[in-house]
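J.: Can you keep this structure in mind? I'll have questions shortly.
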Amino acid sequence: MNTILEVRDLGISFGSNQVLKSVSFDLYENEILGVIGPNGAGKTVMLNILSGILKPGKGSVSFMGRDILPMSIVERTRLGFGRTFQIPRSFENMTAYENGLIGSVYGTGATERAASLKVPAILEMIGLSDRKGVFAGKLGLIDRKRLEIGVALASNPKLLLLDEVAGGLTESEVSDILGIVRGIKEAGVSVIWIEHVLQTMLEGTDRVMLLAEGRDVVCGPPEAVMSSKEVETAYLGA
Amino acid sequence: MDILLQSIVTGVLLGGLYAIIGVGMSMIFGIMRLTNIAHGDIMILSSFLTMFFMQHVIGNPVAALLLTIAVMLVFGFCIQHFLINNVISKGDEPALLVTFGLSIIVSNGLFLIFGPAARGVPTELIRTNLINANGISVSSMYALNFVVAVAVIIALSLIMGRTSLGRGIRAASSDTLMSELLGVNTKRMYVYAMLLTVTTASIAGMLVGMTFTFYPTTGTQYLIIAFGCVVIGGMGSLVGTLLGGVILGLAQLVGASFLGSAYQQLIGFLVLLVILAVRPQGLLSKAVRK
Amino acid sequence: MISEKEAILTLDGLNVSHGDLQAIFDVSMRFPRGKIVSIIGANGAGKSTLLNTIMGVHRPTSGTIAFEGRDITGARTSGIASLGIAMTPEGSRVFEDMTVTENLLMGAYLPAAKRKRGEQFEKVFSMFPMLKEKSSQLATFLSGGQRQMLAIARAIMMDPKLLICDEVSLGLAPVIIKDIYRKIGEINETGVSIILVEQEVRRSLQHSAYSYVMAKGRIVMEGASDALPIDEVNDAYFGINRFA
Amino acid sequence: MNGIFSKGPAGMAGPAWHARRIAPIAVLAVLVSLAFWGSDYLLSIMILIMCYMAIGQMWNLLGGYAGLVSLGQQSFIGLGGYTLAKITQVYHLPVILAFVLAAVISVLFALLISIPVFKMKGVYFTIGTWIVAECLALFFSTWSFSNYAQGYTITATYAFSTAQIYLVALAVGVGALIVVMAVLRSRLGLALMAMRDNAAASEVRGVEQYRTKLKCFLISAAVTGIAGAALYLNQAFIQPANAFGISWTVSMVFIAIIGGMGTVEGPIIGAVIFVLLRQALYNFPGISMMLLGLIAIAIIMIAPRGIMGIIRRKTQFEIFPVRRHPSA
């Protein structure tokens, strides 16, 4: 299996607070890697470093053999990074369709005309084609989460970073999302998926990594990680 | 050489005046993250008030200043309580634009009442020299400006650093929710901060009125100077404001001594632009831009 | 069930929404005077929203909140605090650019607390001797555990009747967590009612007299902490049967 | 012109669609015909409305769409005015050349000052742009090339009738509107919409903040420079203190706020109110400005989206649609 993303000894501090101490892992091509860990373990911070919002204090990240740390957020997006946010950051005063256009036009450099041909298909894939003209701010939580994925997909990502896409959703909604993410993987995209709902991780990922107290504690097949002593300790206390 | 030395001395003293103009703006920015565009006009308003009180109510300048402060406190309370407090949580822009509207209202109001003529607060100090030796002269007024500026800035620093009121204001500014959880009414703290600000603006207004002539529209000119002190010194830092004022005053007068007095203001502004572009967080601030 | 009389804080039929999204559904709770009560729930269960609503940060769409029989629904946060409710929010939120002493003085900001300031300082310093040593240091130089202690001490300075601790153990080493819980126990022994909000099930049950379990904005389980079966709480906590 | 005004929502046909296509042409025809039957007084007011609408649109493009609250747009008014004065008065060249050069000089100057002012964020940018304008005012009053503080009387004005100047102003006003519409309907407009909604998220989606904002800054400089030339063609007299005075930007800000920031229709409404109110209180300039200040504050506090915001909330009414719709 080819490694698409190589993360080594990543660390970051805010003041005296060392949020990430040392995180290393590989992501393989066309793989869904789940990242779990209790609140404050540094999961979202890690995603923010990967997508360029935060600069790490130490460590290296290479994406398809290129060092991406010096790159800006926009450069990484153009290179093939897509991401969603825990609290959806859709453009609330724009319609679902316009949100898709942004992802396509500015994520790939396509013309608006080219994008207008592609976006409807993406809305179809995430199940929003009947709500194309609805303002994102008026969409319910599940639809906004879907839209986030759609906008990220519109930029033709090679790597998709998902931050708690299943949080706050009902079980049937979660299975919808699971279906969408599986479809994304089939289209050849690699995924890093952060989630609190462990059940979702068990079903939706190829491998799971536990992040606790700023370190990668265990990483392996979902069932093995979930039933490990380390997860029990991290979540329920020693 | 004497000309240069004279420029340095006058520049430093002028910087004191600039600092007291800027210190209120610095407070408001440091505490509410608000750039008060009306700051210059509020100051000129108090220049007019002091002049008016001295001419028509009471001749004693200190008494007139106290009356001015009293009026300005009411004014400050109103603008903070009724206007700014209601928009401060809606982002930077609305509050900025409210103070912009306020600036227009105050300057045009002054124009309507007092007309376009140049005015001054009468004083003998401007005509006398404290020191006059070896070709160096120090105007009594400039010396007074500097002394008062230093005194006001020390007093403000003490209030902010040592008193319960100052702690409350600082707390409200650094973490609104936490302060509320501790029982601090943060909106009220903002009002107190504005009251401190208009008090310093009143003092600055009187000094400016004694030192220079002023018009209803002069406020904007002093706003840029105030902004300059604040930016050079680092937004929100009181001692920095004094340093900012001195640097600005020095840049103007030393520059003018080389290029001619016509360029005095232009040089000051250019120095300010360069500093804004290179170190927007201020010279003294330790903050690093992200 | 706790009777109306025993309760220091009563929530009745609370519904809270953020815009179009409802976060709290018909929550009713009673917190007995002088006891430690824990609210357990995963991230996103609605605990923070609930606390913020109690403290007047959010306004409920319906329902009432009463403190010592007095309706405080929709009151201003500083007003609620002045009645005697102290909260240490998630992440300690000490004032970074103030010294430890100044932080504590901020705790004694309200007039009633200001009068008893000397006494409270003694109490706090004897409880947390570390703070006395570091009293003139800026809070920004404290470690995570020390900050949390300072946050609790600052709340004690308010001389509260009710102390709400939101996620005090977050990101701290086990030894320090143990220490903090011991202090909370001591505070409770001086007669202060306490609400502990936690993600960690076992610890919550261990340290409280009564527990509520929240999931997806609702109370899904409640009872005396020693009577709640830990496995069932765990299942409720994860919202579903965890490994099914 | 057609292309810009006629793109209705897809699938829209019938009377409404025709109205949308015909109405702007009809309005434009009436405005042009005004030059032949309007009284000089009416025309002189229309000149002001058109010019102020143009500069209001440009401030709105920055403040309402690009998140660049500038208090320094008077730099370009002054540069435009001085270009006109210099070209016609000193070099005796045709007026049309002055308009072209006004745009070119404004853009070049905007490019130059973008180096320092784009390093400034938020309110620093706001005041920084203002200081630039103040520097220009000071510099022009000490510069022999611009005839120091005396400035120029622009005699070229007297070669034109009021109706002719009106037609120039009309071209500037309508031109500004077309530019804004073209920007908002382009890729750039899409980026602006996203940036305004959520700047951080737009960056993650690939919108380059610096470049997007710079484009707007340059476009607005060009049009404001041209409008400055038109305003001074009408005013016939230029001096540094006036040309680079903050009161130009004061009017732009009021026009945008009162009409509705971030709407295309807003500056039109705002300019009409601004000019009419000022004209009605012509003999009491202080009072009209105070009144405008009060109205602006009231609008920020009560209806932050301005008059157009109120109309939109009630009726969904839109003359100049800039939204995207999927093709059927």
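J.: Heads up, I need the accessible area for D:Trp130: 1.4 angstrom probe, whole protein in place, Å², nearest 10.
T.: Roughly 0 Å² of D:Trp130 is accessible to a 1.4 Å probe.
J.: Hey, any idea what % of region B:185-257's accessible area is carbon plus sulfur with a 1.4 Å probe?
T.: The computed percentage sits at 66.
J.: What ranking do B:84-94, C:6-16, D:76-86 get when scored by the average of other Cβ atoms within 10 Å per residue, highest first?
T.: The most tightly packed comes first, giving D:76-86, C:6-16, B:84-94.
J.: To continue, here is another question. What angle do you read, to the nearest 10 degrees and between 0 and 90, between the alpha-carbon axis of helix B:219-233 and the longest principal axis of chain B?
T.: Computed tilt is about 80 degrees.
J.: Right, next: Partner chain Cβ atoms within 10 Å, averaged over the residues of D:118-128 - can you pull that number for me?
T.: Counting other chains' Cβ atoms within 10 Å and averaging over D:118-128 gives 6.
J.: Quick one: dipole size for region D:39-245, taken about the Cα centre, charges +1 on Lys/Arg Cβ and -1 on Asp/Glu Cβ, in debye to the nearest 20.
T.: Computed charge dipole of region D:39-245: roughly 520 debye.
J.: Percentage of Cα-Cα pair distances in chain A greater than 26 Å, rounded to whole percent?
T.: Result: 36 percent of Cα pairs exceed 26 Å.
J.: Suppose a student asked you for the relative contact order of region B:2-278, using Cα pairs under 8 Å spaced at least 6 residues apart; what percent would you report?
T.: Taking the mean separation of contacting Cα pairs over the length of region B:2-278, I get 40 percent.
J.: Let me cross-check B:Ile113: its accessible surface, 1.4 Å probe, with only protein heavy atoms counted, in Å² to the nearest 10?
T.: 130
J.: Determine the residues within region A:195-238 where the difference in accessible area between the chain on its own and the full set of protein chains amounts to at least 20 Å²; count protein heavy atoms only and use a 1.4 Å probe.
T.: Listed in order, they are A:His196, A:Leu198, A:Gln199, A:Leu202, A:Glu213, A:Met226, A:Glu232, A:Tyr235, A:Leu236, A:Gly237, A:Ala238.
J.: Give me a single rounded figure for B:90-101: the average over its residues of other chain Cβ atoms within 10 Å of their Cβ.
T.: Average neighbour count from other chains, rounded to a whole number: 6.
J.: Is the shape of the protein assembly as shown best called rounded, prolate or oblate, per the rule: a/c under 1.5 gives rounded, else a/b larger than b/c gives prolate, else oblate, with a ≥ b ≥ c the square roots of the Cα gyration tensor eigenvalues?
T.: oblate
J.: Let me ask something else. For the protein assembly as shown, give the share of DSSP beta bridges that are antiparallel, in percent and rounded to the nearest 5; count only bridges with both residues there.
T.: Here the antiparallel bridges make up roughly 60 percent for the protein assembly as shown.
J.: Turning to a different aspect of this structure: Rounded, prolate or oblate: which fits region B:176-290, taking a ≥ b ≥ c as square roots of the Cα gyration tensor eigenvalues, rounded meaning a/c under 1.5, else prolate when a/b beats b/c?
T.: oblate
J.: How much accessible surface does A:Cys219 have with a 1.4 Å probe, in Å² rounded to 10?
T.: Probe radius 1.4 Å; accessible area of A:Cys219 about 70 Å².
J.: Mind checking the mean number of beta-carbon atoms from other chains within 10 Å of the Cβ atoms in B:161-173?
T.: 3
J.: Among C:Val197, C:Thr101, C:Ile2, pick out the residue whose Cα is farthest towards the positive end of the charge dipole of chain C, where Lys and Arg carry +1 and Asp and Glu carry -1 on C-beta, about the Cα centre.
T.: Value computed over the given set: C:Thr101.
J.: Name the shape class, rounded, prolate or oblate, that the alpha-carbon gyration tensor gives for region D:39-245, where a ≥ b ≥ c are the square roots of its eigenvalues, rounded holds for a/c under 1.5, and otherwise prolate holds if a/b is larger than b/c and oblate otherwise.
T.: Oblate shape, in that a/c is at least 1.5 and b/c is the bigger or equal ratio.
J.: Against the longest principal axis of chain B, how steep is helix B:2-32, in degrees 0 to 90 to the nearest 10, with axes from Cα atoms?
T.: Taking the Cα atoms of chain B, the angle to B:2-32 is about 10 degrees.
J.: Which one of D:Ile255, C:Gly144, A:Val217 is farthest out on the positive end of the charge dipole of the protein assembly as shown, using unit charges on Cβ (Lys, Arg +1; Asp, Glu -1) and the Cα centre as origin?
T.: Of D:Ile255, C:Gly144, A:Val217, it is D:Ile255.
J.: Let me ask something additional. How would you rank A:52-59, C:42-49, highest first, on the average number of other Cβ atoms within 10 Å across their residues?
T.: Output ranking for A:52-59, C:42-49: C:42-49, A:52-59.
J.: Using a simple charge model, +1 on the beta-carbon of Lys and Arg, -1 on the beta-carbon of Asp and Glu, nothing else, what dipole does the protein assembly as shown show about its Cα centre, in debye to the nearest 20?
T.: 1660
J.: Once the dipole of the protein assembly as shown is set up with Lys and Arg at +1 and Asp and Glu at -1 on Cβ about the Cα centre, which of D:Thr155, B:Tyr215, D:Val207 lies farthest towards its positive end?
T.: D:Thr155
J.: Here's a follow-up. Which of the helices in chain D meet the span-like rule: DSSP H, Cα axial reach of 18 Å or more, Kyte-Doolittle mean at least -0.5?
T.: D:15-37, D:40-60, D:95-117, D:123-140, D:162-185, D:209-235, D:246-259, D:266-280, D:285-302
J.: So, one more: Compute the long axis of helix C:174-189 from its Cα atoms, compare it with the longest principal axis of the Cα atoms of chain C, and write down the angle in degrees, 0 to 90, nearest 10.
T.: Roughly 90 degrees between the two axes.
J.: For the peptides B:124-132, C:227-235, what is the packing order when you average, over each peptide's residues, the other Cβ atoms within 10 Å and list the highest mean first?
T.: Put in order of decreasing packing, that is C:227-235, B:124-132.
The values are calculated or read from the model by the stated rules, or taken from the named source; none is laboratory data. Because the structure is predicted, anything quoted here is derived from the model rather than measured. With ideal geometry, Cβ positions are generated from the backbone for all residues, glycine too; neighbour counts draw on all protein chains shown. To get the accessible areas, we keep the full protein, side chains included, count just its heavy atoms, and leave off ligands, DNA and RNA. Shrake-Rupley method; radii C 1.70, N 1.55, O 1.52, S 1.80 Å.
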